[in-house]
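First up is the structure itself, then whatever we jot down about it.
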Amino acid sequence: MKERLQAWMEVLKSSLNLITHKKTVKSARITYSVVWNLFLIFLTVFILGGSFATGVGAGYFASLVKDEPVRSYSSLKKDIYNYTETSDLYFADNVYLGKLRSDLEREEVNLDQVSDYLVKAVISTEDEYFYKHHGVVPKAVFRALFQEVTNSAVQSGGSTLTQQLIKNQILTNEVSFQRKANEILLALRLEKFFSKKEILEAYLNVSTFGRNSSGRNIAGVQAAAKGIFGKSANKLTLPEAAFIAGLPQSPFGYTPFTRDGKVKENLEPGINRMKTVLKRMYDGGYINKKQYAEAAAYDITKDFTPPRPNPLEKYPWLTFEIEKRSIDVLATVLAQKDGISEKELKKDSNLQYKYQTLASHDLKQNGYEIHTTINKKMYDAMQKVKDRYPYYGPDKPEEKKDPETGKVKTVMEPVEVGAILIENKTGKIISFVGGRDYDKQQLNHATNAIRQNGSTMKPLLVYGPAIEMGKAAPGTTLPDVALSLNPASSSPWPHNYDMRYSGLVSARYALAWSYNVPAVKLYRDIVNQRPAKYLEKMGFSSLRSEDYTNLSTAIGSLSNGVTVEENTNAFTTFANGGKFIDAYMIDSIVDKNGKVIYQHQVKPVKVFTPQTAYLTLDMMRDVMRMGTAAGINYRLKFRTDWAGKTGTGVDYKDSWLVGTNPNVTFGIWTGYDTPKSLQSYGYMSYSQRTNNLWVDLINSAYKIKPSLIAPKKQFKMPNGIVRRSYCAVSGLLPSAACVNAGLVESDYFNAKYVPTKVDDSLVAGKYVMIGDRKYLALDSTPAEFAQRGLVLNPDFITRMVGRNFHNPSQLIPNRSRWAHILVPTAKIVDNGKTPGSVRLSADANTLAWSTSSENDVIGYRVYHAGLLKLKIASIKSGSSLSLSVPSGTYYVTAVDIAGKESPPSNLVEVGGTDKNTDQKENNNKEKNK
């Protein structure tokens with residue numbers, strides 16, 4: 001050991017001697033100097049190169065972001081919080097309906113309303129350094145850059161939550177250095193302005209999460225929680241939170257539901273992703289080992305919520321109608337913000353398109369609350385009645401072209417229905433029926449189907465305007481006869497439903513029984529004053545120029561037609577004292593901050609005076625009491641003050657009933673989509689089927705809200721209405737002749753237009769009977785055969801039906817009290833002939849003779865034969881042609897209307913020998929000569 005130590009000491013000594021040698025020291029100094037200088041050179045080059053590289057990199061970065069504007073706090077806030085959030089729909093009284101139809105369903109939520117599990121799951125999975133970085137993680141950026149340059153496999157974790165938020169809300173998904181540079185710049189700026197809580201909250205509302213249990217696309221954790229697990233985001237359990245947190249990486253790959261809302265057969269990808277999220281939560285210290293194990297083993301599939309009813313599926317007509325009307329309303333609001341009035345908007349189709357497009361986008365993006373007037377319970381009840389009603393009538397064949405094959409095929413079309421219930425004083429659409437089956441026919445027959453409105457037009461276009469102009473009153477007399485009112489034809493037109501005529505009738509009676517001729521005749525008298533302008537004021541939107549002049553418009557034959565909503569809405573004018581209040585469905589629109597951006601305002605339009613409105617209503621009461629709609633009273637489950645009108649389209653293609661009471665107006669239409677006759681064989685007519693469905697629907701609404709549907713109050717008569725007597729023949733003040741005839745009636749009048757002229761329609765006259773008919777006597781008609789009576793004044797007839805009407809006897813109604821009223825043209829012209837003799841016979845003491853062959857014979861004279869030829873009786877035509885007489889010889893003559901008398905009949909002896917021989921007859925004839 002000692003020897004080894006001495007040897008090492010010798011080696012060390014030799015080494016020291018070498019180092020301290022002069023030559024060795026000099027060599028070491030030179031080497032040191034060279035190495036130091038080289039180090040300094042390399043350091044300088046490295047610093048300069050790094051600086052150059054940094055400068056180049058900074059310059060390149062600057063060039064990439066040069067077009068990105070420097071965004072202010074307000075600009076960033078607007079973009080970041082511009083969530084694509086679907087609008088919510090509500091029935092009346094704030095009853096929730098569902099989401100507006102949209103490609104993406106989203107519901108905004110505050111961070112403090114989100115489960116802590118979900119917050120931790122998202123951070124541990126998407127951005128573990130979220131609370132430490134300032135928008136970007138440098139090493140992650142360099143790693144992503146290196147991967148891009150070297151084209152190596154991409155690793156996750158390159159973008160922070162802040163960057164993902166920027167990408168989703170401001171930038172695009174474009175893969176480029178420029179987009180990435182802008183993303184980094186905006187992320188740094190966003191972190192400067194916003195707190196971590198605000199950024200996280202925005203991210204949770206922005207991210208997409210696949211589909212919900214109804215198959216709709218969803219975004220935001222609230223929509224995801226409700227759509228996948230049927231609960232709010234603050235109620236999520238650990239495994240549920242982990243499942244949702246894993247979805248954003250591949251929303252449609254991991255989502256558990258198909259487009260049809262069914263659970264996928266292969267759920268493994270989503271469940272594996274959930275377990276990955278749980279592992280990261282455990283590694284990050286957010287959950288303990290026990291929580292991790294239990295959550296990873298949990299069967300998440302049992303928490304999936306069953307499909308929720310899609311409002312579009314349960315309420316298709318309603319949701320589409322709300323969407324359509326909301327777009328129109330919001331378009332007007334947006335246009336007015338830009339200084340464009342509603343009137344200007346309606347006139348310019350380009351502006352309409354622009355603002356409707358903007359409105360549609362806003363409704364599906366901005367999360368509005370759309371509150372409507374529809375009563376949910378009434379709406380649901382009416383749909384049930386509509387679905388269960390068994391008496392629509394038969395399906396009928398219709399040939400249609402298949403759009404795909406081009407082949408014509410025969411399909412069976414059902415009878416369709418459209419109905420709507422409107423509150424009079426506000427215009428609220430309380431409920432409606434859009435059709436029979438939305439899957440078969442999407443047309444909303446209550447709001448969009450345009451059809452002929454038949455006789456429901458009469459109070460709107462004829463009687464209401466005529467009363468307003470002072471041209472008619474309920475007691476106005478109108479002719480229901482075979483008039484030729486078509487300027488293009490001399491044939492009688494129009495015809496009544498039953499193809500019969502009723503003579504002179506009151507306007508009230510004509511409306512109650514829906515006679516066409518009186519309505520068209522009255523309309524012709526006022527058409528030059530363009531009464532269709534009243535339809536404009538009452539909301540008719542499809543009028544054409546010819547509708548202002550065509551007489552057929554009076555009975556509902558429009559160029560295009562009218563919707564059930566428009567037609568029903570017009571009738572509310574009468575219930576509102578002559579003021580039209582436009583019907584509406586969108587009550588208000590509220591933005592997601594609670595600000596009301598639209599509130600419907602009632603804007604009454606004066607159409608008729610209160611007096612006109614009441615008189616028309618009172619006439620329509622008779623339609624429901626004893627007229628064409630009287631049958632409804634047997635089925636109605638309540639009583640109230642109803643007034644209304646039925647209607648039938650040309651060739652029975654449309655059937656209507658509109659009824660109004662002091663609170664509501666309810667209208668219904670039935671018909672085929674391809675217009676065809678509703679008539680069919682069966683115990684119930686098409687009008688009865690329509691009327692009965694009207695009753696069943698309004699009964700169902702009554703069960704929901706009796707006080708609204710069946711008010712106890714009645715229509716209030718305004719001042720300026722008086723009741724006066726009038727002559728039923730002319731509608732004028734009763735004359736003595738009218739009083740004596742028993743034809744005086746009474747009715748209501750507008751005090752301004754009470755008749756002031758005395759009736760001149762009846763004049764005294766004589767008439768005779770020929771057979772069972774009455775004819776006016778001539779001046780030469782023997783008085784013994786004439787009877788005194790009342791005759792229609794020829795001037796009155798001319799005023800009533802014109803000079804060219806050739807059958808004025810039609811004016812006399814077939815009612816007993818009119819039996820003794822004649823018309824001046826009810827006469828027979830003298831044929832110039834002397835009547836031939838008749839044949840006389842006797843049976844005991846009774847004479848009997850034959851009827852004259854001439855048609856103008858008005859009676860017979862019975863003579864006692866002898867030197868004085870004494871007339872013992874005058875028998876009127878139409879009476880019994882026999883007479884009891886005492887013993888003696890008799891003969892009979894026939895007398896015509898001009899007073900000409902026939903030769904004597906054969907002689908007949910009563911109470912003695914029959915001397916009726918040919919010779920005696922010849923002798924008598926010679927004597928008479």
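Points to keep in mind about this one:
- Protection proxy ranking of 494-506, 638-650 - average other beta-carbon atoms within 10 Å, highest first: 638-650, 494-506
- The calculated pair-distance distribution of the stretch 517-650 uses every alpha carbon pair, bins of 10 angstrom beginning at 0, and gives 10, 31, 35, 15, 6, 1, 0 percent.
- Label zone at Val408, where the point sits 7 Å out along the Cα-to-Cβ direction: the stretch 673-716 residues whose backbone N lies under 13 Å: none
- Distance violations [Cα-Cα > 27 Å] among Lys347/Lys386; Lys458/Lys606; Lys384/Lys592: Lys347/Lys386; Lys384/Lys592
- Residue pairs, from the table Lys396/Lys637; Lys533/Lys712; Lys833/Lys869, whose Cα atoms sit over 26 Å apart: Lys396/Lys637; Lys533/Lys712
- Across the alpha-carbon atoms of the stretch 801-853, the computed radius of gyration and Dmax are 18.6, 56 angstrom.
- For Tyr292, net neighbour charge (Lys/Arg +1, Asp/Glu -1) across residues whose Cβ lies under 12 Å away: +3
- Kirkwood hydrodynamic radius of the chain, from inverse mean 1/r over distinct Cα pairs, in Å: 36.9
- Remark on the stretch 721-822: ratio of C-alpha radius of gyration to 2.2 N^0.38 Å is 1.19.
- When the chain is described by a simple charge dipole with +1 on each Lys and Arg Cβ and -1 on each Asp and Glu Cβ, the residue from Asn272, Asn661, Ile858 located farthest towards its positive end is Asn272.
- Set of aspartates and glutamates near Lys167 by C-alpha distance (under 13 Å), chain-local residues within fewer than 8 positions excluded: Asp79, Glu183
- For the stretch 213-252, a Kirkwood hydrodynamic radius built from all Cα pairs, placed in the Stokes-Einstein relation at 10 °C and 1.306 mPa s, yields a translational diffusion coefficient of 156 µm²/s.
- Protection-proxy order for peptides 869-879, 212-222, 195-205, 774-784, each taking the mean of Cβ atoms within 10 Å per residue, highest first: 212-222, 195-205, 774-784, 869-879
- Computed from the C-beta positions of Gln688 and Tyr96 and an R0 of 41 Å, the FRET efficiency is 0.55 to the nearest 0.05.
- Scaled radius of gyration (Cα, divided by 2.2 N^0.38 Å) that the stretch 442-553 gives: 1.10
- Using only alpha carbons, the stretch 418-709 has a radius of gyration to Kirkwood radius ratio (Rg to Rh) of 0.97.
- Projected over all directions and averaged, the alpha-carbon convex hull of the stretch 681-774 occupies 12.9 nm².
- Surface/4 estimate of mean projected area, convex hull on alpha-carbon atoms of the stretch 769-889, nm²: 9.8
- Eligible lysines near Lys401 by straight Cα distance, threshold 16 Å, same-chain separation 8 or greater: Lys409, Lys440
- Cβ-placed point charges (K, R +1; D, E -1), dipole of the stretch 418-709 about Cα centre in debye, nearest 20: 460
- Largest to smallest principal axis extent of the C-alpha atoms in the stretch 290-342, angstrom: 66, 28, 7
- Normalised contact order of the chain, rounded percent, pairs of Cα under 8 Å and 6 or more residues apart: 8
- If you wrap the tightest convex hull around every Cα atom of the stretch 382-483 and split its volume per residue, you get 224 Å³.
- Along each principal axis, taking the top coordinate minus the bottom one, the Cα set of the stretch 251-373 gives 68, 34, 26 Å in descending order.
- Helical content alone sets the calculated 222 nm signal of the chain at -11000 deg cm²/dmol, taking -39,500 (n - 2.57) per DSSP H segment of four or more residues and averaging over every residue.
FYI, it's all coordinate maths here, none of it is from the lab. Not measured: the values here are computed from a predicted model. No Cβ is skipped: glycine too gets one built from the backbone with ideal geometry, and neighbour counts run over all protein chains shown.
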